[in-house]
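This report concerns only the one structure given below.
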């Protein structure tokens, strides 16, 4: 005899069946998103309205799902896909210093733009005049239609316009997004979704012509945008190496003392922590600042301060390190060797930029290669070249890893050589983000949401 269910249990079970059926429809309509769609567990929420995700599960309000399934069932696949796309594009982990409410609106618009471009019966709905106007205005301001450029465009809107856009594009709650995207637990989920986003992009590319026909090209673009703007902190860790350091290691002990205690005293081992430990840090490093006319200014100084700040805060340098900082436009204008953490702080406080000509990447890389041949570097881990990307690249690969760091401004970037690494950075990582409009955003975020 089946066990009797309460009304609440019955509603939760029925709503879960409805959500599973909706997800099955999305599996069939968007096969290249199968892994991403299956990555979120479906869980009923005890309270609330609509959908919400924390990157690990998709939470839904059973009463809301059942009412919407009865009244406007065609909206549910769009709502589920909207939340999944937030994770695929890594919106919850890319906020940085931006205003949370305005960033949420920018992410909603970016996700809805992709959904509106998908040619699928399960997702199709008329695009109203407000949406058409918003897309046209943002297209004119954003060369790349992604959450970051949309956010900067929205900072110039008045409160009335923002309220209208939120009423039009709101779809799910963002209250479960991490308050600190740099926290270790949040970064685990961010890396997981970076991989899922990469898989979705590759699957869409394998779909060939069909991917372009149903709007998956826009999805690929946003996935690539989110992937290239991954955490700068994580990127810097690529250049660290394991080395022995004179420092107590509480997690290891000397086996000689351990076995001596067992041998002499029976069951009493002697524990002596090791006086050295293996640490993964940066020892030798080179940073090149493009001081040509197109990139000189406060942004270059802030980039250097932020880079040193990250490395200092993360304890990423060995006590004795060698960091060469070169300033170069069409030739090397300045060389500075920094050998300890205190020197990094002094250099940032006294930095004066020199240059202002054209851009040629060859002189700086040739000079670093020359210094390496002279023994100036003991263990060169790599070179960071902060630039706008418009210049003359070397014809051959230098004997060290080189990463070109571009600042995202929506403009297409020249392709660096195949041997070079490339990372596109958000301006908000090095400059304060644009100030949001005047209204109290906390009140605006807590306001009554539109009924779908």
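With the simple model of a label 7 Å out from the Cα in the direction of the Cβ, residue 136 to residue 354 spans 5.3 nm. Shape descriptor for the stretch 7-230: Rg over Rh equals 0.94 (Cα atoms; Rh from the Kirkwood inverse mean 1/r). Name the residues of the stretch 37-59 whose amide N is less than 15 Å from a point 7 angstrom out from the Cα of residue 175 along the C-beta direction? Within reach of a label on residue 175, which here means backbone N under 15 Å from a point 7 Å along Cα→Cβ, the stretch 37-59 contributes 45-54, 59. A Förster distance of 30 Å, applied to the separation of the beta-carbon atoms of residue 56 and residue 127, puts the FRET efficiency at 0.40.
Tell me, in nm to one decimal, what length is gained between residue 27 and residue 392 on full extension, where the rule is 0.36 nm per residue of separation less the Cα-Cα distance?
Details: separation 365, 0.36 × 365 = 131.40 nm, distance 4.60 nm.
So the chain would gain 126.8 nm between residue 27 and residue 392.
Label positions at residue 337 and residue 263, each projected 7 Å from the Cα along the C-beta direction, are separated by 4.8 nm. Per-residue packing, averaged as other Cβ atoms within 10 Å, sorts the ranges 144-151, 414-421 into the order 144-151, 414-421, beginning with the highest.
Take 102-113, 156-167 and order them by the average number of nearby Cβ atoms within 10 Å per residue, most first; the result is 102-113, 156-167. Model label sites at residue 100 and residue 41, defined 7 Å from Cα along the beta-carbon direction, differ in position by 2.4 nm.
FYI, it's all coordinate maths here, none of it is from the lab. On a predicted model such as this, the values are computed, not experimentally measured, just so you know. Positions of Cβ are generated from backbone atoms using ideal geometry, with glycine treated the same way; all protein chains shown enter the neighbour counts.
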